[in-house]
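Dropping the structure in here first, questions after.
The values are calculated or read from the model by the stated rules, or taken from the named source; none is laboratory data. As the structure is a computational prediction, the values presented were derived from the model and not from experiment. Neighbour counts are summed over all protein chains in view; Cβ atoms, including those assigned to glycine, are modelled from backbone coordinates with ideal geometry. These area figures cover heavy atoms from the full protein model, side chains too; ligands, DNA and RNA do not enter into them. Shrake-Rupley method; radii C 1.70, N 1.55, O 1.52, S 1.80 Å.
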Amino acid sequence: MARTEKRWLLLMVGLLTLFMAIVVASTMTSALHPPSNVETIDPVTLHLGGEFAESNLGTAQEPDGSLTARIVADQYAFVPYCVKLAVDTPVKFRLTSVDVVHGFLLPATNVNTMVVPGYVAEVRTRFTRPGVYSMPCNEFCGNGHHGMWARVIVVPKPEFPALAPTERSSCVQQ
Ligand SMILES: [Cu+2]
């Protein structure tokens with residue numbers, strides 16, 4: 001083997017090792033992990049009852065104070081289109097689609113998942129500062145894809161009212 005060939009080979013192996021190390025390190029330090037929740041749901045009947053019935057969408061408060069936001073994606077909207085959450089609180093997003101594959105992305109956070117019909121996507125995060133986060137659908141889903149936007153509003157803790165176990169909150173009226 002020629003000397004230059006050997007060098008290139010070593011360089012390539014070195015680069016691959018470096019990229020692998022970056023993936024592992026970012027996974028461990030910034031919770032940048034691929035969504036791995038394998039939970040199935042029937043997209044045809046999910047609106048009829050259970051977790052993704054319309055009355056259960058939006059933000060719910062768990063007994064430990066953490067928040068769960070349930071969102072349904074369809075062509076071409078997220079329901080609800082405005083989700084209200086509190087800062088410095090563990091947040092769990094649970095999403096599913098009723099038609100085609102959509103994407104759910106919150107820029108500048110670790111939230112980025114595909115929303116695949118038939119499956120429930122789950123992403124956990126914690127917002128460190130209040131603000132309005134736009135959530136575009138980042139998976140081409142049809143002619144109206146460019147208009148598929150929604151918002152997450154993160155408010156300071158005192159502004160987030162305590163919710164009763166069956167109560168759901170959103171900022172759709174605002
Ligand atoms: Cu979409």
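Quick check: Cα centre of the stretch 1-68 to Cα centre of the stretch 92-115, how many Å?
Distance between centres, Cα-based: 11 Å.
For the residue pair GLU5 and MET20, what label-to-label distance in nm results when each label sits 7 Å from Cα along the Cα-to-beta-carbon direction?
2.3 nm
Another question, if that's okay. Could you please report the charge total around VAL123, scoring K, R as +1 and D, E as -1 over all other residues with beta-carbon less than 14 angstrom from its beta-carbon? Present the calculation step by step, with values, prior to reporting the outcome.
Values: positive: ARG70, LYS92, ARG94, ARG124, ARG126; negative: GLU39, GLU122.
Net charge in that neighbourhood comes out at +3.
So, one more: Send over a whole-number figure in Å² for the accessible area per residue of the chain, probe 1.4 Å. If you can, show how the numbers build up before the last one.
Values: 10100 Å² over 174 residues.
Heavy-atom accessible area per residue stands at 58 Å².
What Cys residues in the chain are without a partner cysteine, judged by a Cβ distance under 4.7 Å?
That list is CYS137, CYS141.
Something else now. Could you give the spread of the C-alpha atoms of the chain along their three principal axes, from largest to smallest, in whole angstroms?
70, 37, 28
Also, quick follow-up: What percent antiparallel are the DSSP beta bridges of the stretch 1-111, to the nearest 5? Walk me through the numbers on the way to the answer.
Details: 7 of 14 bridges.
In the stretch 1-111, DSSP labels about 50 percent of beta bridges as antiparallel.
What's the ranking of 12-25, 153-166, 64-77 by average number of surrounding C-beta atoms within 10 Å, highest first? Kindly include the intermediate steps, with their values, before the conclusion.
Values: 12-25: 10.3, 153-166: 12.4, 64-77: 18.6.
Packing order, densest peptide first, comes out as 64-77, 153-166, 12-25.
Also, quick follow-up: Using a probe of 1.4 angstrom, how much of the accessible area of the chain is carbon and sulfur, in percent? Could the numbers behind the result be given before it?
Details: 6220 of 10100 Å².
Here carbon and sulfur together make up 62 percent of the probe-accessible area.
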